[in-house]
Amino acid sequence: MKFQAIKGVRDILPPESALWNRVEQTAREVFGTFGFAEIRLPIFEQTDLFARSVGQETDIVSKEMYSFEDRDETSISLRPEATASVVRAYIQHGMQTLPGNVKLHYMGPMFRRERPQKGRYRQFYQIGAEVLGASDAPGIDAEVIEMLMTLFERLKLKGAVLNINSIGDKNCRPAYVEKLRAELVKVREQLGEDSKRRIETNPLRVLDSKLEQEQGIIEKLPRIAEHLCENCREHYAEVKRQLGLRGIVYQENWRLVRGLDYYMRTTFEITAPGLGSQNAVCGGGRYDGLVELLGGPATTKGIGFAIGTDRLVLSLQEAGEDAAQDGPAGKAAGPDVYLAWFGAAAQSAAIGLAKRLRDAGFVVELPAVEMKFGKSLGLADRLGSRHAVIVGDDELAAGIVTVKRLSDGAQQKVGEQELFSYLRTAQNPGI
Ligand code: ATP
Ligand code: MG
């Protein structure tokens, strides 16, 4: 019996994992400079939390969640997204009493039972952030988007396109949705199965459809921009002005709606090249009513986003921005030093030297068993080591080591002090 990973989930292997680390580390750094702190959340929650917040009628809750009955018969679900958990934690820990806006970021796996394909998995990863607090100032929306674009810029993600829209609030959206529904009913027979169903459950989602036959129909539907109430219109205009102040380029997209119920007003999505039809690397928006819906203070507003890490990494790979060339800590992959030893006394010396080299930050490969000289150096080469350091009886007797640069075979005998400075210079040739 041979085991295989379950359909739609995958292993992230080296060297790709180094790129994942770089992406996550950069996100921590960039988000940190905007005053966001990390929250670590549980992987599973009560099913009701998601049913309430994401929405019973959404695809996510109605057919994509991994739900199961716990031993005490409560229904538990693997999280399909994390905003619900952040809001639950915010309420549970009374964070509304903290000064200013509460700014949190998170990263980790999410679970949705979708049809697996490139950029779409059943266990996938998100990096997200949320701002919760009493203010819904448009400047917050603009700054959250600025933070995202800063991250993408820092990662050298090329060709990212920011789409924005406003989908109104509880004052103006219901009337618009009714108008939309009325128009959709008239063209019902020309729509696909999904859209037909959504006339009842969630007419806004029809705008999102990529079905060829529906495109002409959708273009003629009423647009939300013409139905926003004054407050929403002003809010949206100010978000756009503030994006402008930050030099952020955006495209307005009236068909941009989100698949989760709790969004209102500002919504945004970022697409990136190299991903085929799964080209959204980030979705987000404002969700002012969510905290109240989950039993928290009615005065708390919120906005956030989630980046699809799998897709972000894919897009970086497609663009040749892999970390493989610059390795885990900004170095070429492979050890700095392959420490070849020959004989029991040399092994003992090599163990001590390896520790001192590693303490100084060098990546050291120390063979666990003694090998013949040729085989050992051959392995050093195949591992992509930059240097072989050789410790044998002769070296021990003279209190030195032989260091060999594997790119050109240049070698010399040096004392330990010299070895360290030689390796340092090799690492930073500019210095
Ligand atoms: P899509 O329209 O691509 O299904 P979504 O609207 O369901 O995306 P959100 O719930 O807003 O996505 O999640 C934010 C981001 O998470 C998406 O933009 C995408 O990058 C990523 N994402 C969502 N579902 C998956 C998945 N099954 N596999 C990989 N990434 C995903
Ligand atoms: Mg989806």
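The values are calculated or read from the model by the stated rules, or taken from the named source; none is laboratory data. Note that the structure is a prediction, hence the values are computed from the model and not measured. A quick note on method: Cβ atoms are made from the backbone with ideal geometry, for glycine too, and the neighbour counts reach across all protein chains shown. Heads up: the accessible areas ignore ligands, DNA and RNA and are worked out on the full protein's heavy atoms, side chains in. Shrake-Rupley method; radii C 1.70, N 1.55, O 1.52, S 1.80 Å.
Tell me whether segment 100-107 contains one or more residues that are under 19 Å from the mean Cα position of the chain (by Cα) and away from ligand 1 (no atom under 16 Å from the Cβ). Spell out the reasoning first.
We begin by selecting, within segment 100-107, every residue under 19 Å from the mean Cα position of the chain (by Cα); these are 103-107.
From the residues that got through so far, the ones that are away from ligand 1 (no atom under 16 Å from the Cβ) too are 103-104.
Yes, the conditions are met somewhere in segment 100-107.
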### Long-range neighbours under 7 Å by Cβ, at least six apart or interchain, first residue modelled with pLDDT of 95 or more within segment 349-367, second in a helix (DSSP H, G or I) and open to solvent by less than 10 Å² (accessible area, probe 1.4 Å)
362/423; 364/354; 364/357; 366/350; 366/354; 367/376
### Task
Can you confirm whether segment 315-336 contains a residue that is hydrophobic (A, V, I, L, M, F, W, C), within 16 Å of ligand 1 (Cβ to nearest atom), under 28 Å from the mean Cα position of the chain (by Cα) and open to solvent by less than 40 Å² (accessible area, probe 1.4 Å)?
yes
### Task
Tell me, please, whether a residue that is more than 18 Å from residue 260 (Cα to Cα) and either more than 16 Å from ligand 2 (Cβ to nearest atom) or of a type in the set (S, T, N, Q) (or both) can be found in segment 51-58.
no
### Query
Given the conditions (1) within 25 Å of residue 200 (Cβ to Cβ); (2) of a type outside the set (Lys, Arg); (3) away from ligand 1 (no atom under 14 Å from the Cβ), which single one is not true for residue 53?
(3)
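Take residue 86 and decide whether it is in contact (Cβ under 8 Å) with a residue 40 or more places away in the chain, within 14 Å of ligand 2 (Cβ to nearest atom), assigned to a helix (DSSP H, G or I) and aliphatic (A, V, I, L, M). Steps first, answer last, please.
On the way: in contact (Cβ under 8 Å) with a residue 40 or more places away in the chain: yes; within 14 Å of ligand 2 (Cβ to nearest atom): no; assigned to a helix (DSSP H, G or I): yes; aliphatic (A, V, I, L, M): yes.
It is false that residue 86 is in contact (Cβ under 8 Å) with a residue 40 or more places away in the chain, within 14 Å of ligand 2 (Cβ to nearest atom), assigned to a helix (DSSP H, G or I) and aliphatic (A, V, I, L, M).
One line per residue, one yes/no per condition, for (1) of a type in the set (Val, Ile, Thr); (2) crowded, with 21+ Cβ neighbours inside 10 Å; (3) not assigned by TED's automatic domain parsing to the domain that holds residue 250:
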site: 114; (1), (2), (3): no, no, no
site: 128; (1), (2), (3): no, yes, no
site: 152; (1), (2), (3): no, yes, no
site: 164; (1), (2), (3): yes, yes, no
site: 168; (1), (2), (3): no, yes, no
### Task
Name, by its number, the condition in (1) at pLDDT 95 or above; (2) of a type in the set (D, E, K, R); (3) within 12 Å of ligand 1 (Cβ to nearest atom) that does not hold for residue 246.
(3)
## Note on the structure
Within segment 66-77, residues being over 23 Å from residue 292 (Cα atoms) and not in a loop (DSSP other than H, G, I, E, B) number 3
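Output the residues belonging to segment 159-202 that are acidic (Asp, Glu) and under 18 Å from residue 231 (Cβ atoms). Walk me through how you get there before you give the answer.
Quick first cut of segment 159-202, residues acidic (Asp, Glu) only: 169, 178, 183, 189, 193-194, 200.
169 - this is the single residue of segment 159-202 that is acidic (Asp, Glu) and under 18 Å from residue 231 (Cβ atoms).
Tell me the residue from 414, 391, 364, 401 that is open to solvent by less than 50 Å² (accessible area, probe 1.4 Å), aliphatic (A, V, I, L, M) and under 35 Å from the mean Cα position of the chain (by Cα), please. Steps first, answer last, please.
Numbers: 414 fails: under 35 Å from the mean Cα position of the chain (by Cα); 391 fails: under 35 Å from the mean Cα position of the chain (by Cα); 401 fails: under 35 Å from the mean Cα position of the chain (by Cα).
Answer to the check: 364.
Residue under question is residue 99, and the condition is that it be under 20 Å from residue 271 (Cα atoms) and either within 16 Å of ligand 2 (Cβ to nearest atom) or open to solvent by 20 Å² or more (accessible area, probe 1.4 Å) (or both); does it hold? Lay out the reasoning, then the answer.
On the way: under 20 Å from residue 271 (Cα atoms): no; either within 16 Å of ligand 2 (Cβ to nearest atom) or open to solvent by 20 Å² or more (accessible area, probe 1.4 Å) (or both): yes.
For residue 99, the condition - under 20 Å from residue 271 (Cα atoms) and either within 16 Å of ligand 2 (Cβ to nearest atom) or open to solvent by 20 Å² or more (accessible area, probe 1.4 Å) (or both) - is not met.
Yes or no: segment 121-139 includes at least one residue that is among the basic types (Lys, Arg) and near ligand 1 (Cβ under 9 Å from one of its atoms).
We begin by selecting, within segment 121-139, every residue among the basic types (Lys, Arg); these are 122.
Restricting the remaining residues to those that are near ligand 1 (Cβ under 9 Å from one of its atoms) gives 122.
The answer is yes, given that some residue of segment 121-139 is among the basic types (Lys, Arg) and near ligand 1 (Cβ under 9 Å from one of its atoms).
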### Residue list for segment 203-225, restricted to those being within 16 Å of ligand 2 (Cβ to nearest atom), out of contact with any Gly (no Cβ under 8 Å at 6 or more places or on another chain) and either open to solvent by 50 Å² or more (accessible area, probe 1.4 Å) or of a type in the set (Phe, Trp, Tyr) (or both)
210
### Message
For the condition within 16 Å of ligand 2 (Cβ to nearest atom), free of Cβ contacts under 8 Å to residues at least 60 places away in the same chain and either within 17 Å of residue 232 (Cβ to Cβ) or of a type outside the set (Ser, Thr, Tyr) (or both), what is the one hit in 276, 308, 283?
### Response
283
### Summary
Considering segment 65-78, residues that are out of contact with any helix residue (DSSP H, G or I) (no Cβ under 6 Å at 6 or more places or on another chain) and within 13 Å of residue 113 (Cβ to Cβ), and then whichever is nearest to ligand 2 (Cβ to nearest atom), we arrive at 65
### Query
Quick check: anything in segment 390-400 hydrophobic (A, V, I, L, M, F, W, C), over 21 Å from residue 352 (Cβ atoms) and assigned by TED's automatic domain parsing to the domain that holds residue 351?
no
#### Entry: Pairs with Cβ under 6 Å, 6+ apart, first in segment 176-205 and in contact (Cβ under 8 Å) with a residue 12 or more places away in the chain, second open to solvent by 50 Å² or more (accessible area, probe 1.4 Å) and not in a helix (DSSP H, G or I)
192/211; 201/57; 202/57
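What tally of residues in segment 226-244 results from selecting those that are surrounded by 14 or more Cβ atoms within 10 Å (Cβ to Cβ) and either closer than 18 Å to residue 288 by Cβ or basic (Lys, Arg) (or both)?
Adding up the residues that qualify gives 11.
If you check residue 62 against the conditions, is it within 16 Å of ligand 2 (Cβ to nearest atom) and over 22 Å from residue 304 (Cα atoms)? Walk me through it before giving the result.
Numbers: within 16 Å of ligand 2 (Cβ to nearest atom): yes; over 22 Å from residue 304 (Cα atoms): yes.
Yes: the conditions hold for residue 62.
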### Query
Can you find a residue in segment 133-149 that is open to solvent by 30 Å² or more (accessible area, probe 1.4 Å), within 15 Å of ligand 2 (Cβ to nearest atom) and not basic (Lys, Arg)?
no
